[in-house]
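The values are calculated or read from the model by the stated rules, or taken from the named source; none is laboratory data. Computed from a prediction, not measured in an experiment: that's the story for all the values here. A quick note on method: Cβ atoms are made from the backbone with ideal geometry, for glycine too, and the neighbour counts reach across all protein chains shown.
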Amino acid sequence: MVHPLTQAVYEAEADGSVCVTETDGSKGWFSPTGEHLRGEVLAADPHILDWVGGPQAKRANSRLRFKRETTPASERT
């Protein structure tokens with residue numbers, strides 16, 4: 001997700017953290033609750049961190065995976 005004001009890119013990581021990449025290429029990793037974990041970027045938008053890495057993102061991803069992996073009842077053996 002691209003921040004509408006700063007143009008920083010927010011991406012969910014497999015370990016549950018959120019990577020924030022600034023327009024100059026510097027990066028920082030944060031927890032979905034806003035805790036700085038590592039990297040050069042020391043501040044990030046807490047609302048976008050929660051949106052990208054919070055529980056609603058995990059629920060949306062599991063619904064998408066469930067839909068892709070489900071076989072219609074008529075095709076089950």
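Tabulated data
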{"read-out": "Only listed residue being among the hydrophobic types (A, V, I, L, M, F, W, C), in a helix (DSSP H, G or I) and at pLDDT 95 or above, chosen from LEU42, LEU49", "value": "LEU49"}
{"read-out": "Selected residue (criterion: modelled with the lowest pLDDT) from residues of the stretch 24-39 that are in a loop (DSSP other than H, G, I, E, B), in contact with a Gly (Cβ under 9 Å, 6 or more places away or on another chain) and surrounded by fewer than 17 Cβ atoms within 10 Å (Cβ to Cβ)", "value": "THR33"}
